[in-house]
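**Q** Before anything else, here's the structure in question.
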Amino acid sequence: MSSNPDALLGPAEIRELAAALNVRPTKQRGQNFVIDANTVRRIVRTADVRPDDVVVEVGPGLGSLTLALLEVADRVTAVEIDDTLASALPATVAARMPTRADRFALVHSDAMQVTELPGPAPTALVANLPYNVAVPVLLHMLEHFPSIERTLVMVQAEVADRLAAAPGSKVYGVPSVKANWYAEVKRAGSIGRTVFWPAPNVDSGLVALTRRTEPLKTTADRREVFAVVDAAFAQRRKTLRAALAGWAGSAAAAEAALVAAGVSPQARGESLTVEEFARIAENKVDADGAGQDAHAPQAAAVRSDDTPRDEPGR
């Protein structure tokens, strides 16, 4: 393992790399690069990265966090969509951490399209996620890589609050419930604006997710449960009887499913746990009066209005 403090990137090195590559951070891709070595080491410590971990990193940018991860983890696989950044990162790793270069792999792709990775299955996800796609990317990775046991992501502070929110909170919503389907979620710290270049207009937060040791006990599948969640929060000011009418086929059918699940038809989505959403999904009755088909396709997307509008990141 490398313990050379000069291997990591500081403000001058980041700017030199960017200038050499003619890289200008773009808001479109949420590019705000971390320029502080202490911050990336803090992220690695908070993520509890271990010597036997296979870490996947999304949006490595110029490699600040990548190098800090390589100091500790057994292997690191980075997923980068940007052509210039993807082509430059292996050379940066080889130059600054040559003894660990064979432990690094790059996947040049959109993370939302990645369903397999080279090498051993990842055990941890650690990333400074581009804030404009943070929630969809996080959920995609948790869905497609069940071997990921521990996750630590840096996201916009507002998104961090939503992901870690508990039922009853004003910011509890679709991201909160869907993340909790996979894992125990908690806030794990805050990150100041000055450690980024360029400095973003919003604060950042760390979110830690620990994969459920056993899947949620339910006869409904993920798509069915997520469909209920989406419907409940699409009209979050309405009672669940009204909000779930379209999903169930009618307000009466929604009420029947809610009562059967032990949930008040007058409740609202923000008060329900993921387990309660699962029970509602289990008790949906189709037009013929039969129970929910366990494999019926349902929409499971994160609604666009669950992503804040001013979202620099990375």
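**Q** So residue 243 fits all but one of (1) more than 22 Å from residue 113 (Cα to Cα); (2) of a type outside the set (S, T, N, Q); (3) in contact (Cβ under 8 Å) with a residue 40 or more places away in the chain; what number is the exception?
**A** (3)
**Q** Still on this structure, I have one more. Tell me whether the stretch 117-132 contains one or more residues that are assigned to a strand (DSSP E or B) and closer than 20 Å to residue 233 by Cβ.
**A** No, the stretch 117-132 contains no residue that is assigned to a strand (DSSP E or B) and closer than 20 Å to residue 233 by Cβ.
**Q** Given the condition open to solvent by less than 60 Å² (accessible area, probe 1.4 Å) and in contact with a Gly (Cβ under 6 Å, 6 or more places away or on another chain), answer yes or no: does some residue in the stretch 235-252 qualify? Steps first, please.
**A** Of all residues in the stretch 235-252, those open to solvent by less than 60 Å² (accessible area, probe 1.4 Å) come to 239-240, 242-245, 247-248, 250-251.
Now drop any that are not in contact with a Gly (Cβ under 6 Å, 6 or more places away or on another chain), which leaves none.
No.
**Q** Considering every residue within the stretch 286-295, establish whether at least one is at pLDDT 95 or above and surrounded by 15 or more Cβ atoms within 10 Å (Cβ to Cβ).
**A** Filtering the stretch 286-295 down to residues at pLDDT 95 or above leaves none.
No, because not a single residue in the stretch 286-295 is at pLDDT 95 or above and surrounded by 15 or more Cβ atoms within 10 Å (Cβ to Cβ).
**Q** What's the total number of residues in the stretch 181-197 that are surrounded by 18 or more Cβ atoms within 10 Å (Cβ to Cβ) and either within 28 Å of residue 62 (Cα to Cα) or without any contact (Cβ under 8 Å) to a residue 40 or more places away in the chain (or both)?
**A** Of the residues in that region, 6 qualify.
**Q** Does residue 68 satisfy being surrounded by fewer than 21 Cβ atoms within 10 Å (Cβ to Cβ), over 18 Å from the mean Cα position of the chain (by Cα) and among the aliphatic types (A, V, I, L, M)?
**A** Judged against the criteria, residue 68 is not a match.
**Q** Go through (1) out of contact with any strand residue (DSSP E or B) (no Cβ under 7 Å at 6 or more places or on another chain); (2) open to solvent by less than 60 Å² (accessible area, probe 1.4 Å); (3) under 22 Å from residue 204 (Cβ atoms); (4) at pLDDT 95 or above for residue 112 and report which single condition fails.
**A** (2)
**Q** In the stretch 17-31, how many residues are at pLDDT 85 or above, open to solvent by less than 60 Å² (accessible area, probe 1.4 Å) and either among the acidic types (Asp, Glu) or part of a loop (DSSP other than H, G, I, E, B) (or both)?
**A** 1
**Q** In addition: Filter the stretch 195-240 for residues that are of a type in the set (Ser, Thr, Tyr) and under 18 Å from residue 260 (Cβ atoms) and give the result.
**A** The initial filter retains those residues of the stretch 195-240 that are of a type in the set (Ser, Thr, Tyr), namely 204, 210, 213, 218-219, 239.
The answer is 218, 219, 239.
The rows are residues; the columns are (1) in contact (Cβ under 8 Å) with a residue 24 or more places away in the chain; (2) outside any helix (DSSP H, G or I); (3) in contact with a strand residue (DSSP E or B) (Cβ under 8 Å, 6 or more places away or on another chain); (4) open to solvent by less than 10 Å² (accessible area, probe 1.4 Å).
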| site | (1), (2), (3), (4) |
| --- | --- |
| 169 | yes, yes, no, no |
| 179 | yes, no, yes, yes |
| 199 | yes, yes, no, no |
| 202 | yes, yes, yes, no |
| 209 | yes, yes, yes, yes |
| 216 | yes, yes, no, no |
| 223 | yes, no, no, no |
| 231 | no, no, no, no |
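**Q** Follow-up question, since we're still on this one. If residue 302 satisfies all but one of (1) of a type in the set (A, V, I, L, M, F, W, C); (2) more than 26 Å from residue 135 (Cβ to Cβ); (3) crowded, with 19+ Cβ neighbours inside 10 Å; (4) modelled with pLDDT under 90, what's the number of the condition it fails?
**A** The number of the failed condition is (2).
**Q** Determine whether residue 174 is buried (at least 18 other Cβ atoms within 10 Å of the Cβ), at pLDDT 95 or above and more than 29 Å from residue 14 (Cα to Cα).
**A** yes
**Q** Restricting attention to the stretch 71-91, which residues are open to solvent by 10 Å² or more (accessible area, probe 1.4 Å) and either part of a loop (DSSP other than H, G, I, E, B) or within 18 Å of residue 39 (Cβ to Cβ) (or both)?
**A** Within the stretch 71-91, 71, 72, 74, 81, 82 meet the criteria.
The values are calculated or read from the model by the stated rules, or taken from the named source; none is laboratory data. This one's a predicted model, so the numbers in the text were calculated from it and none came from an experiment. We place every Cβ from the backbone using ideal geometry, glycine too, and count neighbours over all the protein chains shown. To get the accessible areas, we keep the full protein, side chains included, count just its heavy atoms, and leave off ligands, DNA and RNA. Shrake-Rupley method; radii C 1.70, N 1.55, O 1.52, S 1.80 Å.
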